[in-house]
Each structure stands twice: as C-alpha cells, then as structure tokens.
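S.K.: Pasting a structure below so you can have a look.
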Amino acid sequence: MLFRPQKIVCIGAGYVGGPTMAVIADRCPDVQVTVLDLNAERIAAWNSDTLPVFEPGLSEVVSRTRGRNLYFRPQAEGLAALAEADIVFISVQTPTKTAGEGAGKASDLQYVEACARLIAEHARGHTIVVEKSTMPVRAAERIQQILSANQAGGTFAVLSNPEFLAEGTAIRDLQQPDRVLIGGEDPAAVVALKSIYASWVASEKILTTGLWSAELSKLAANAFLAQRVSSINSLSALCEQTGAEVSEVATVVGADSRIGPKFLQASVGFGGSCFQKDLLSLIYLCEHHALPEVAAYWQGVVDINEWQKRRFAEAVQQAAVNRRVAVLGLAFKKDTNDFRESAALTVCRALLHSGCEVVAYDPRVDGQRFAAELGNPAQFSLASSAAQALAGAGAVAVLTEWEEFRSIAWASVKLSPGATVCDGRNVVDRAAVQQAGFRLRVIGSAPD
Ligand code: NAD
Ligand code: UDX
C-alpha cells in the first residue's frame, strides 16, 4: 500500500518555511505539520496576529490551519515532533559565505549542516529528509554524510525539493505552482513526498529528476530569471541615450512566443535574498569546476545589476537640487515586507555617502530595521506616508512598484522648486508629474 506521510516537521520558519508549511497543512488536513525555529521571537510572531512575513493571502491560510494541524514551536520544544516525523524539511537560510573558502560567492551551508546534525541526533525510525533550502549542486552528499555519521539507529533518505515561490505572490505560487520539483534516488521516498503535493497539484506538474539535476535546476531557474532582468536593464541605458522607450521594446520583444512577456520590466535593479546569492553560488560552482568562461557569462548578469543600481543612484544624486531626497519604497519588490538585497539599500547608502539627507517611506517594511541595516545614520529618517516623505524634497527616488505610488496626487505634493522625480520602476503617473511642474526621469526613457 502507498505510504502516506502523517507527520511533517519543517526546520526554519522564514519566508519559505512558514508559507509553504501553511499551504501543505491547508491542503493536507490529515497531516500534522510542525514548524521549528531557533528564533523564539519569530515563532511567537507566527503564533500571534502579526505574522512575521507579509504575504497576500497568508494570514487567511494560517488562521484556517494554526492549532488544527499546523504548529509553530521554538526548536527546543519541538524535538519530540522531530523524533516522530516521517518527513523533515530543511528550510533555513543559505546565504553567501562571508569568510573562509569561497567567501563572497559560495553558499554558506552552516545552517543546513546544523539541521542535518539535529535530525541525525533526534530522528527515530525511517525519516525522509528534504532539502527545501536552495543548495549548490551535490550538497545532498554532505547532508547524507552527516546523517550517516551521526545516526542514533535511524535511517534516512535525502530528497531535493527546491522552492520556486516568489515573495509577494507566495501563496498563489504555492497553491497553483507552475511545477513542483522532486529530485532523489530513493523511489519510495519520492513517491511519499509526491503524495503530499498530489493532494492539490496535478501529477503532470510534479517533475521528478535525479538529486543533482534538482539542485542545479533551482540555481539555473533563478539565474535565467535574473538574466532576463539584467538584459532589459542593460537596454534601458541605451534607451535613455537614444530616445527609444524600454517598455515598448520589452512589449515587442516579449510578444515573441519563444521569449514571452514576463521578467522584462526594466528597473532600478533586481534585489531579494535569492537572485544575487544564487547567481554567485552558480559562478562559484563554475569556477570550482574549472569553467571560467561559464562563470564570466553569469558574472555579467550580476555586474549589470550592480551598475544599474549605481547609475540610478548617481542620477538621483545629480538631480537633488537641495540635497534632500525622498525615497519611496524600501522593499525589494511590491507586496512584501522583505528588504534583503533591496536596491533601496544600495541607493540609500550611495545617497547618504554623497552627503544627501534621505527621508524614506514604505507601506510594509519595518523602517527601524531598515535604518539599523544602514547603521542608523543621522541623515536617514522615516516618514509615515508618501506625502510626508515628499515634503520639501529636491529629488524623489521611486524604488519599489507599490500600487499606491501610481496614484500620487502630484499636483498637491510640496516638493522643492526644480525637483526631479526619478522613477526606477516606471510606475508614476508621468503626465501628473509634468503637469505639477516637476522634472521627470524614468528608467529606460530619455530624460525630459
Ligand atoms: P529566512 O532567513 O527567512 O528563514 C530561515 C529561518 O531559519 C530563520 O527564521 C532562522 O532563524 C531559521 N534557522 C536558521 N538556522 C536554524 C537552525 N539550525 N535551526 C532552526 N532554525 C534555524 O530564509 P528564507 O527566505 O525562508 O529562505 C530559506 C531558503 O529557501 C534559502 O535557501 C533560500 O535561498 C530559499 N528560497 C527562498 C525564497 C524566498 O523567496 N525567500 C524562495 C525560494 C527559495
Ligand atoms: C525569485 C524567483 O522568482 C522565485 O522563483 C524564487 O523561488 C526566489 O527568487 P523573488 O526574489 O521573491 O523570487 O521575486 P521576483 O519576482 O523574482 O523578483 C526578484 C527581483 O527582480 C525583484 O527585485 C524584482 O523587482 C526584480 N524584477 C523582476 C525586475 O526588476 N523586473 C522584472 O521584470 C521582474
């Protein structure tokens, strides 16, 4: 008979672990799902009315499932659940290493390895261990090594099940994924994990591959997406010089069904916790395997992104008539409270470095945490509305495509005379800005 897992544990209650487990619990009411984290504050937030992650639709899913078959527990209190689990997901961070071999490029697997050690110590019977975190190719070998070196009588099967959700659309992506990927060499384990997703995902969308292909496919998918953004961003600079309009070019290029229209929105540069980290991990792997040409190809995607952020910051700096800049949007994209690797971090740092005063507004980001990330500079302050940030500014930098920035009533905004609105997302109402008498610079359009 088909083995239907009854108990799932996920280590890591972050942007991936929390929403993913909430959707599994929602779609598999017969399965008990426990999410563990070392960060007790984060767990307390998951158990409160103010979830630590903002995602459209998330609070509805959590309120249906929490206490029914979804539990958030501090790690130390969840070890019994770990012992009983049929499946343990590892969903902890895999950031770029900051020290040691591969620093600045390779993924830091210390958090994943700590999870593997914890599982080896506490799991009982047979446990399917699932890499949900994004890993370099062949990382599963290291997990297998740790599990077999430490096991206290338990047996393990390791699978790779990378997550493709994007922030801001996580719940929709989880409920209606383009595909679910399961990589592994143990057919029974693959079938067991597949049975969980098959509760709501059509079987033709559940792709199964070898372990190494699954690990590499995740890095490859992010690299391809980031490459599209850098491609259109590289052309945005040419558009600004020539009078071509990047949104028109993107529409024409994307109308080719072989190319498709998505991920061709020129911007101030991609951000988020994944694209750069995963590109760097891919680059490191290529270098490690003596493929410098391949590494250089993907490095170009990172370099264009850095250049795009810098050149936008310089344009704002030059436009700032009175050295006071209003920054609208700190999140790395709309509909999330996440500012990891956000273009806003680079742009704010550059503006502050050049002596500008920055007044920032974002509808969802915790501004205090953002300021702390910048080192709490005296010249950086927070506004509680776009209008408040804009008052008296000599330049405006629109860095996130929040819907509310589309409908700013520019006629009633009190910018400094001669101020320029620099739109890094092509969201502001151009006619309204110009009618209000302000100058306008939009990424990928010739300056007016
Ligand atoms: P995150 O930083 O939001 O969450 C990770 C959580 O793991 C944190 O709460 C941390 O306290 C916890 N943790 C770390 N070590 C632990 C340990 N030993 N025991 C218990 N808890 C521990 O990270 P995230 O954004 O959820 O990303 C997780 C993984 O998923 C990464 O590999 C990332 O690349 C990948 N991923 C992220 C996204 C995304 O959109 N954020 C999408 C797809 C894949
Ligand atoms: C990405 C992948 O999309 C997702 O599949 C993976 O699981 C995690 O990494 P995420 O980083 O959450 O998701 O958001 P995404 O929508 O991919 O945007 C990444 C960055 O690219 C954002 O800063 C966004 O504003 C930027 N972007 C995206 C553009 O500048 N232009 C575009 O056309 C698309």
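FYI, it's all coordinate maths here, none of it is from the lab. Remember, it's a predicted structure, so these values are computed and weren't measured experimentally. All Cβ positions, even for glycine, are placed from backbone atoms using ideal geometry, and neighbour counts span all protein chains on display.
S.K.: Could you pull out the trypsin sites (Lys or Arg not before Pro) across the range 386-448 that fall in loop regions by DSSP (anything but H, G, I, E, B) with no more than 11 other Cβ atoms inside 10 Å?
M.R.: LYS414
S.K.: For a test of understanding, tell me how many lysine pairs in the range 7-209 have Cα atoms under 20 Å apart, given they are 8 or more places apart or on different chains.
M.R.: For the range 7-209, the number of qualifying lysine pairs is 7.
S.K.: Could you tell me what a quarter of the Cα convex hull surface of the range 353-448 works out to, in nm² with one decimal place?
M.R.: Averaging across all directions leaves 6.3 nm² for the Cα convex hull.
S.K.: Separate question: Counting other beta carbons within 10 Å of each Cβ, put LEU399, LEU211 in order, fewest first.
M.R.: With the fewest neighbours first, LEU399, LEU211 line up as LEU211, LEU399.
S.K.: I've got another one for you. Please list the helices of the chain that count as membrane-span-like by this rule: a mean Kyte-Doolittle hydropathy of at least -0.5 together with Cα atoms stretching 24 Å or more along the helix axis, each helix being a complete DSSP H run.
M.R.: 211-242
S.K.: Provide the descending list of Cα extents for the chain along its principal axes, expressed in whole angstroms.
M.R.: 73, 49, 42
S.K.: Of PHE3, GLY154, ALA80, which is farthest towards the positive pole of the chain's charge dipole, taken about the Cα centre with +1 and -1 on the beta-carbons of Lys, Arg and Asp, Glu respectively?
M.R.: Of the candidates, ALA80 comes out farthest on the positive side.
S.K.: Determine, for the range 245-442, the count of lysine pairs separated by eight or more sequence positions (or lying on different chains) whose alpha-carbon distance falls under 24 Å.
M.R.: 9
S.K.: Output needed for the range 308-354: three equivalent-ellipsoid semi-axes, defined as square roots of 5 times the C-alpha gyration tensor eigenvalues, in descending order, whole Å.
M.R.: Sorted largest first and rounded, they come to 20, 11, 9 Å.
S.K.: While we're on this one: Roughly how big is the chain's charge dipole about its Cα centre, with Cβ charges of +1 (Lys, Arg) and -1 (Asp, Glu), in debye to the nearest 20?
M.R.: Working: 41 positive and 47 negative charges, 83 e Å.
With Lys and Arg at +1 and Asp and Glu at -1, about 400 debye.
S.K.: Just name one of ILE90, GLY444, VAL301: the one whose Cα is farthest towards the positive end of the charge dipole of the chain (beta-carbon charges, Lys/Arg +1, Asp/Glu -1).
M.R.: Ranked along the dipole, the leading option is GLY444.
S.K.: Quick check for me: using +1 on Lys/Arg Cβ and -1 on Asp/Glu Cβ, what's the dipole size of the range 245-442 about its Cα centre, in debye to the nearest 20?
M.R.: The calculation lands at about 520 debye.
S.K.: Something else about it: Using a Gaussian network model of the chain with C-alpha springs under 10 Å, which one of SER91, SER213, SER354 is most mobile by mean-square fluctuation?
M.R.: SER354
S.K.: Something else: In 10 Å bins starting at zero, report the fraction of Cα pairs in the range 7-209 per bin as a rounded %.
M.R.: 9, 37, 39, 15, 1
S.K.: Can you give me the C-alpha center-to-center distance between the range 150-176 and the range 401-437, rounded to a whole angstrom?
M.R.: For the range 150-176 versus the range 401-437, the Cα centre distance is 42 Å.
S.K.: Dipole of the chain (Lys/Arg Cβ +1, Asp/Glu Cβ -1, origin at the Cα centre): which of GLN32, TRP46, GLY254 lies farthest to the positive side?
M.R.: TRP46
S.K.: Tell me, rounded to the nearest percent, the portion of alpha carbon pairs in the range 245-442 spaced more than 27 Å apart.
M.R.: Tail of the P(r) past 27 Å holds 32 percent of the pairs.
S.K.: Now for a separate question. When the dipole is taken about the Cα centre of the range 7-209, and only Lys, Arg (+1) and Asp, Glu (-1) are charged at their Cβ, what size is it in debye, to the nearest 20?
M.R.: 120
S.K.: Another question, then. Can you list, bin by bin at 5 Å, the percent of alpha carbon pairs in the range 183-265, starting at 0?
M.R.: Spelled out per bin, shortest first, that is 3, 12, 16, 14, 12, 11, 10, 9, 6, 4, 2, 1.
S.K.: Once every DSSP H run of n ≥ 4 in the chain is given -39500 (n - 2.57) and the sum is divided by its residues, what mean residue ellipticity at 222 nm do you get, rounded to the nearest 500 deg cm²/dmol? Before the final figure, lay out each step's value.
M.R.: Working: 16 runs with 187 residues, N = 448.
The helix contribution divided over the chain gives -13000 deg cm²/dmol.
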